[in-house]
Structures are given as structure tokens and as C-alpha cells.
1. Grab the DSSP H runs of the chain that are 4 residues or longer, score each as -39,500 (n - 2.57), total them, divide by all residues and round the 222 nm result to the nearest 500 deg cm²/dmol.
2. Considering the dipole of the chain built from charges on the beta carbon (Lys and Arg +1, Asp and Glu -1) around the Cα centre, which of GLY22, PRO134, ASN55 is farthest to its positive end?
3. For a quick check, take a GNM of the chain with Cα springs below 10 Å and name the residue from CYS263, CYS356, CYS94 with the largest mean-square fluctuation.
4. Given an 8 Å cut-off on Cα distances and at least 6 residues of separation, report the relative contact order of the stretch 46-150 as a percent.
5. Which entries of LYS216/LYS255; LYS5/LYS286; LYS286/LYS378 have Cα-Cα distances beyond 30 Å here?
6. Rounding to the nearest 20 debye, state how big the charge dipole of the chain is about its Cα centre with +1 on each Lys and Arg Cβ and -1 on each Asp and Glu Cβ.
7. Just the accessible area for HIS256, please: 1.4 Å probe, Å², rounded to the nearest 10?
8. Which whole-number value in Å² is the accessible area per residue of the stretch 185-325, probe 1.4 Å?
Amino acid sequence: MLDLKQIRDDPDLVRDRLSVRGRAEYTTAVDQLLQLDERRRSLIGEVDNLRARRNEVSPQVGRLKQTGQHEQAEPLILEMRELGERMGTLESQCADVENSVRDLLLNIPNLPETQVPAGGEDANVLVREWGETPEYDFAPQPHWDLGERLGIIDLPRGTKIAGSGFPLYVGSGARLERALINLMLDMHVNEHGYTEVSPPFVVNEAAALGTGHLPKFADDMYHIAGDNLYLIPTAEVPVTNIHAGELLDGDDLPKHYVAYTPCFRREAGAHGKDTRGLLRLHQFDKVELMRFERPDSSRAALDVLTSHAESVLRRLGLRYRVLLLAGGDLGFANAQTYDLEVWAPGVGRWLEVSSCSLYNDYQARRANIRFRPAPGSKPEFVHTLNGSAMGMPRTLIALLETYQQADGSIQLPDAVAQYMGTDRITV
């Protein structure tokens, strides 16, 4: 969440940065927050004045009672009784206002970095491209036709088991996904120095609040009502919360983690979009990178994180591009994001396969993750970053469609063939 002190001290700056997101309700929420904060401080001031009066009068009542002057004590006793009732009322009002302040803070998004342009998706900035557009002497087919013909993706049976958006990978399809996961984990551990973790696939409400997925995106998460747990929408949620509520030693930073998990998303607001094949799913696998950084190194760390994600696509030989997201396309908790999009020749379009994001201290404030920069120094909030490296379905789409052959087989790139034990998928 945002720092209330920053909002109080420089509301114009906060409004200006939020305006980049293009939604007036966020700047309106800042105004509401300032009004509530003023009300809260007024109530606190009134309670403090009453408490000071009580501290002043209570000894007088005691002395009067001790000296037998009960009649003189009675008016003061009555005043203290009324004062106590008034304090109780004000403290209850103050608690209500504080809860409203917290609720508003939880629903105000992160401040975009100054590099983030205003506007929606059409204002995203192309940063760079890599690779050549593959050429064929035949009409490239989409992955759903390739997968069905090769017998490696069975969407009808996945739908029979769980409903649409839950694919079934078969034979070489299942092995290919496992090969991609292992390749990515090995790259990030052995070449980029990440520590591999295998987190729970469910989280509690506090963990989802900590990353900003609750309360904003409750409708997109699968909720296990009996246990009040949530299926994770991304490994970002459990891995960020590894250090929730902790005070880290500054010498232990930075911390870098990589995790493979399945991801579960209801996609409540995406009905009817990209329904064919593997383009949009309710369950999918992903390898996620997570970094905990000092504030003075987090911006540079975003570039490093993005390069690590890009290295996977380069290793696979897939054409891709990097976009700097504009404010209107920026995630709720994100301060800055680079999207990696891969070219899928069968469907003839760019597909997002990774978002690499900087959160500054937004998540750390929500999850209370701090560090002590030096012995005896005041604790500060860490900065968090995360990025997909990669999301499996669309990476698999691009790989199948890019490396398809005229006979319908798939010629696998060397990096994947080493894990598959074969360089070709055939019928």
C-alpha cells in the first residue's frame, strides 16, 4: 500500500502519478483519504485532551476522598464518568475511521514510476525486439490443430474433467511442458543465481492481501470457503510472503527466488476472450522469479530481472519484443512493468508470456517486510520485484507454431531436445 505520510505531505504528487493510470476514482480516493485522515487526527486530538483532563482530575478526586471531602469530590466523579463515556464513544469512532482509512489504502493502486507513460494499451512503448519472423513454404497452423493432430493436447477431455480452460496434455505434450519447466528452473538457478523454492499452492487471506491480490481481485481468485484459503493465481503470492512480517538483515539482501507452480485464475472479467486452444486458461503452469532488493538497487534490478526472462526466449530461439506498459495498462500493485511478447506464427499475433515488474515498497508495506540497512539503523521497507520466466501455455504455443514442419511434426530447438531426449515430436 502507499505511505499515508507521503499522501499527507505531498498529495499533489500522489494525484499526479495516479492520474497516469487514467482512472478518476483513484484521485478521488486520495481526497477521501485525506478527509478521513483529518477526521482521525481530530478524534485522536480530542481523546488526548480528555485523557489529559482525566489524568489531571483523578489525583484530585483521590485526595478529596482521603481527606473526607466527599461532597467536593462528587462533581469531579460525575465529570470523570461522563468523560469516560465520551472517550469510549470517540475511541470507537476513531477505530471506525482508521478501518476506513486502511480500506481505502488497500484499494488505491501503486504510484507509477516517472518513466511510465500516460494512456492505455495503445500507449505502450516498444523498447526492443529480438529474432526474425519465421518463414514457411506452407501455411502455418495454429497450435490447437497441431496439438490435436499430434495427439499431445486434448482440450475436450480436459473440459470433460474440469470445464473449459483446464487443458489436458498427453504424451509428448506433457513431457514438453515438463521439459520447459526444468529448462527454465535450471537456467535461473545455475546461470542466474536464484534459489529454488517449492511453495504451497494455496495461501491465506493475509498473504493475498500482502501482494495486492485482495481485496481488488477477489473475483478472479478461486476461494476454498471451508478453509478460507485461495488457490494461487501466481507464485508471486506465496513467494513474496516467505518474508512477510520479518525484519531482514541488510547484509542478506538482495534475495532472489525462483519457483515453479501451477496457477489458478477464474478470469472473471475475461469471458469470451481468446477462448480457443491454450490462449487463455483457468489453470496453467509458470516459472516465476522473485527478488527482494534494497531501495537504491531495485530500479537496476528490474532491468536484470527482465534480461533473465528474455534469456529463456533467446535460448528457445523465439522471436519476441519488450514493451514498457503505459499507466492505463499497468497492474494494480505495479510501479513499472515490462511485458515480453512472443510471436506466434500459427495464430499470427503477439502473445504476452511474461510481465517483469517493480513494486517499490508497495507490497512490503502490506506484508510488513523490512530490513535494517546497517547495525543500529532504523528499519526500512524492502523493494520487491517479480517476473514470469516463463508462463508455460503461451511459450508452448509459440514453440509449437514456430518450429512446425510441413508434415505437421515439431522440430525441437536444441535447448528443449536435451530435456526431451528427442529433437522431434511426430504423430
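The values are calculated or read from the model by the stated rules, or taken from the named source; none is laboratory data. This is a predicted model, so every value here is computed, not measured. Note that we place each Cβ from the backbone using ideal geometry, even for glycine, and neighbour counts take in every protein chain shown. All accessible areas refer to the heavy atoms of the entire protein, side chains included, with ligands and DNA or RNA removed. Shrake-Rupley method; radii C 1.70, N 1.55, O 1.52, S 1.80 Å.
1. Values: 13 runs with 181 residues, N = 427.
Rounded to the nearest 500, it is -13500 deg cm²/dmol.
2. Of GLY22, PRO134, ASN55, it is ASN55.
3. Greatest mean-square fluctuation among the candidates belongs to CYS94.
4. Working: 21 pairs, mean separation 23.0, N = 105.
Reported as a whole number, the value is 22 percent.
5. Details: LYS216/LYS255 27 Å; LYS5/LYS286 37 Å; LYS286/LYS378 37 Å.
Checking Cα-Cα distances, LYS5/LYS286; LYS286/LYS378 exceed 30 Å.
6. So the dipole magnitude of the chain works out to roughly 480 debye.
7. Counting only protein heavy atoms, the figure is 40 Å².
8. Working: 5790 Å² over 141 residues.
Per-residue value: 41 Å².
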